[in-house]
Amino acid sequence: MYAQIALPIPLDELFDYQIPTTLLPQLKIGCRVKVPFGHQQQVGFCVNIQEVSQVAAEKVKEILSILDPEPVVTLQMLSFSQWWAKYYHCSLGEALETTVPYCTTIQRRKNILIAIQPGYDITYEINALRAKSPSQAQILELLQDSQAPLERSQIRSKLKISLAPFKLLESKGFIKTIYEEKVPDLFAHLPTETTPKVELTPAQQNAFQEIQKAIELEKFKVFLLFGVTGSGKTEIYLRTIELIVQQKKEAIVLVPEIALTPQTVIRFKQRFPNVAVLHSELSNAQRAYQWEQIHAGKIQVVIGPRSAIFAPTHHLGLIVVDEEHEPSFKQQNTPRYHARDLAVKRGQEANAIVILGSATPSLETYHNCLKHKYIMLSLPERIGTAKLPQFSVVNMKEECQEQKRFVYLSRVLIAGIEKRLAAQQQVILFLNRRGFATNITCPVCGYEIHCPHCEIPLTYHKQKHISLCHYCNFEAAAPTECPSCHFQGIRFMGIGTERIEASLRKFFPNARIHRMDSDTMVSRQKYEDSFLAFSRHEIDILLGTQMIAKGLDFPKVTLVGIISADTNLQLPDFRSSERAFQLIVQVAGRAGRGETEGEVILQTWQPDHYAIQFALTQNYTKFAEDELKFRQELSYPPFSRLLRILIEGPVIASIITKAEEIIANLPPADCEILGPAPAPIEKIADAYRYHIIIKCTTMNIMSRYANTIQKFVIHSSKMNVQLDVDPISLL
Ligand code: ADP
Ligand code: ZN
């Protein structure tokens, strides 16, 4: 007997291996196996078992071992993976490797917990022990304070004690030791007290009824839940999941990684006892644990970022994609899948309901509603008395002229912050650039310092006193003079969050200011701590990058300041207006979630840009109308499908030759082909970058092109040719 094995390598074929008779009874389709491959061993997936092989008998090698007693890939997931591997033009092995975490057989450590034995007067015993056995008394005190079992290792490191006092306490019957399989749930510590269930508003009721009908029919359907921030979308997800759970089915909720805050998780945990949270910071063992729980059918709701779309649920009833417009749902390396698009496909295969939620839907999704492929459900208003915030725009060009110098914080914004601080309210300030200055330029000779490895200006980080490349992480000591003409007054220009923080501290010396960007938020713990501190009003002004743009629901935030609305508009990408619009609306949505009305102050150098104008009035429909016209004229998505071929390598001449070779081999079709041309970022980490963009008018044409191009896909040190289906970024 022979097995067909899919290997996680960029070769789109299956490999035949003989099944040793000893292994034959155990091997099932969907199990992982270890096989010899070239001079190495590889782990692959058994996707077929058959009696004959087309490969010459002397060439067929034997399977070495089977890794899983039971299949880790179900037949549904196998056919789903086959579909999307083909769509995104990766190999089946690469797709399956993405689908299944590689480590489901890892040994987990046991957790050792100490708990108080009930039935004695603990305060009395503590006092009795204090003089002669202080360590024992301290242990009991800690346990008494925590009112819950504590990890023994934590107690020991806190008190700096040996194991002896534990043994003595246990022999006296005061404590007991609990050996517990490590439950690696990073959100386990979150409070789970339930909040009373709310009555749905009429708008919510309308939307919910539509979804309910579809759920009763148990037939695939895609909804766009189009509602401003705070309009009660999450409440509808929760209600829908309740119905799904009643049907004994499971739900997957996809959220952007940055929206996976404790706040989000708490809301789901309060309603459902068995929630699995997947995210990128889980260790392999933690991921494996969650994965096993889902596979074993113990989980009702899976929450996670894009990879959670592969959660091995068996009776999938619902997929929610919250903030469906977020670009982070698209993976930026092979396999370059889009989780929202896969959600629709997986929902279709499972006959499940799909809800895409957004205040600013992607134009693809919105267009699908206009074509009646998806059903749009609107929640036009915020819940309760909360109103959408008042917007005001500051033209920074005029502001600088009036103040006769370059300023980053306008007078209006400063006055606004002052007013909110005086009223004991909170402020969020948003700037999508980290660092202190985004340009280091010589005012005399005009020399601009670039990364030696990338075509990117270096960013000045003042606290660390370095210049840093945000693409390849190259860092050097910040210059004190111009490297070219040696002028001593080199200038640090452009604004980043670090510079704004410094200005804020000058203007508001008594305010509690906190900066959240990837420089300060180096761990999930810091991130969680910051949110909690902000929610307890231990922070007055929260300043940050898009990390703070969503998921936050803090009623005391009455002012949101957008330091510069322009950073996204400048990007040479056809989606830049869409991104700018979405970010402004998203950030603005953080203001006025409570009873006091909120205000948004937006600083910009391009106040007349249509993306900014429509964002001011929060008019998505008008924005989409204009933007769709522009997309149609230039035949960009959703009016075409894009293929992007990215060719990278250290030698520019060979890249151009390769690009021309690819172009010469493309099949003839009536399609617009852009390039080969240098990518907007021409060089990253010493690799030059060229790209070709093909606007395909139909799916058929797209797959014809992609099939041809796939033959050119290579990954080597000399050349990297990648194929991106439905690219989200053209930089
Ligand atoms: P969104 O997901 O659209 O941002 P949420 O579902 O988070 O909106 O709702 C915003 C706030 O309003 C939350 O604090 C939520 O608990 C509350 N809320 C939602 N629906 C209702 C309702 N029908 N009645 C009262 N409060 C509600
Ligand atoms: Zn660099």
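The values are calculated or read from the model by the stated rules, or taken from the named source; none is laboratory data. Model, not experiment: these values are computed from the prediction. Because the Cβ atoms are built from the backbone with ideal geometry, glycine has one as well, and the counts that use them run over all protein chains shown.
Evaluate the following for V43: is it more than 30 Å from T177 (Cβ to Cβ), at pLDDT below 90 and not charged (D, E, K, R)?
no
In this structure, is K526 in the same structural domain as E597 (by TED's automatic domain parsing), exposed (fewer than 15 other Cβ atoms within 10 Å of the Cβ) and either within 16 Å of ligand 2 (Cβ to nearest atom) or within 27 Å of the chain's Cα centre (by Cα) (or both)?
yes
Scan region 683-693 residue by residue and report those that are in contact with a Cys (Cβ under 6 Å, 6 or more places away or on another chain) and on the phi < 0 side of the Ramachandran plot.
K683, I684
From R382, R433, grab the single residue that is within 16 Å of ligand 1 (Cβ to nearest atom), out of contact with any Pro (no Cβ under 6 Å at 6 or more places or on another chain), among the charged types (D, E, K, R) and in a loop (DSSP other than H, G, I, E, B).
From the options R382, R433, the qualifying one is R382.
Please state which of the following conditions S328 fails to meet, knowing it meets all the rest: (1) under 17 Å from S280 (Cα atoms); (2) among the polar types (S, T, N, Q); (3) crowded, with 21+ Cβ neighbours inside 10 Å.
Checking S328 against (1) under 17 Å from S280 (Cα atoms); (2) among the polar types (S, T, N, Q); (3) crowded, with 21+ Cβ neighbours inside 10 Å, the one that fails is (3).
Here's a check for you: in region 656-705, which residue that is of a type in the set (F, W, Y) and not in a helix (DSSP H, G or I) is farthest from ligand 2 (Cβ to nearest atom)?
Y690
Of the conditions (1) of a type in the set (A, V, I, L, M, F, W, C); (2) buried (at least 21 other Cβ atoms within 10 Å of the Cβ); (3) assigned by TED's automatic domain parsing to the domain that holds P607, V407 fails just one. Which one is it?
Here V407 clears every test but (2).
Please enumerate the residues belonging to region 362-408 that are farther than 18 Å from G232 by Cβ, in contact (Cβ under 8 Å) with a residue 60 or more places away in the chain and of a type in the set (S, T, N, Q).
S362, T365, N368, Q390, S392, N395
Here's a check for you: in region 456-471, which residue that is among the β-branched types (V, I, T) and modelled with pLDDT of 90 or more is nearest to ligand 1 (Cβ to nearest atom)?
For region 456-471, the residue satisfying everything is T459.
Yes/no matrix, rows are residues, columns are (1) outside any strand (DSSP E or B); (2) of a type in the set (S, T, N, Q); (3) within 16 Å of ligand 2 (Cβ to nearest atom):
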position	(1), (2), (3)
E578	yes, no, no
I601	no, no, no
Q618	yes, yes, no
D626	yes, no, no
P637	yes, no, no
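If you check I414, I355, which single one turns out to be modelled with pLDDT of 95 or more, assigned by TED's automatic domain parsing to the domain that holds R575 and either touching a Phe, Trp or Tyr at 6+ places or on another chain (Cβ under 7 Å) or among the hydroxyl-bearing types (S, T, Y) (or both)?
I414
What number of residues within region 200-215 are charged (D, E, K, R) and either modelled with pLDDT under 95 or within 9 Å of ligand 1 (Cβ to nearest atom) (or both)?
Number of matching residues: 0.
So F226 clears everything in (1) surrounded by 19 or more Cβ atoms within 10 Å (Cβ to Cβ); (2) more than 8 Å from ligand 1 (Cβ to nearest atom); (3) outside any strand (DSSP E or B) except one condition, right? Which one?
(3)
Can you tell me which of V52, V73, V47, V35 is under 28 Å from the mean Cα position of the chain (by Cα) and either under 24 Å from R336 (Cβ atoms) or not hydroxyl-bearing (S, T, Y) (or both)?
Answer to the check: V73.
If I ask for residues that are within 16 Å of ligand 1 (Cβ to nearest atom), among the charged types (D, E, K, R) and either buried (at least 24 other Cβ atoms within 10 Å of the Cβ) or assigned to a helix (DSSP H, G or I) (or both), which ones from region 290-325 would you list?
E323, E324, listed by residue number.
For region 448-469, check the following and say yes or no: at least one residue is part of a loop (DSSP other than H, G, I, E, B), of a type in the set (F, W, Y) and either within 16 Å of ligand 2 (Cβ to nearest atom) or not assigned by TED's automatic domain parsing to the domain that holds T261 (or both).
no
For region 495-505, enumerate the residues that are among the basic types (K, R) and either modelled with pLDDT under 95 or within 16 Å of A437 (Cβ to Cβ) (or both).
Of everything in region 495-505, just one residue is among the basic types (K, R) and either modelled with pLDDT under 95 or within 16 Å of A437 (Cβ to Cβ) (or both), namely R499.
Going through region 335-364 one residue at a time, which ones are of a type in the set (S, T, N, Q) and closer than 17 Å to L642 by Cβ?
Scanning region 335-364 gives a single hit, S362.
I need the full set of residues from region 531-572 which are within 29 Å of V407 (Cβ to Cβ), assigned to a loop (DSSP other than H, G, I, E, B) and at pLDDT below 85, in order please.
Within region 531-572, A549, K550, L552, F554, A565, D566, T567, N568, L569, Q570, L571, P572 meet the criteria.
Looking at the structure I just gave you, is P380 surrounded by 13 or more Cβ atoms within 10 Å (Cβ to Cβ), at pLDDT below 90 and more than 16 Å from ligand 2 (Cβ to nearest atom)?
no
Looking at region 233-264, which of its residues are away from ligand 1 (no atom under 13 Å from the Cβ), surrounded by fewer than 20 Cβ atoms within 10 Å (Cβ to Cβ) and assigned to a helix (DSSP H, G or I)?
Matches in region 233-264: E242, L243, V245, Q246, E257, I258.
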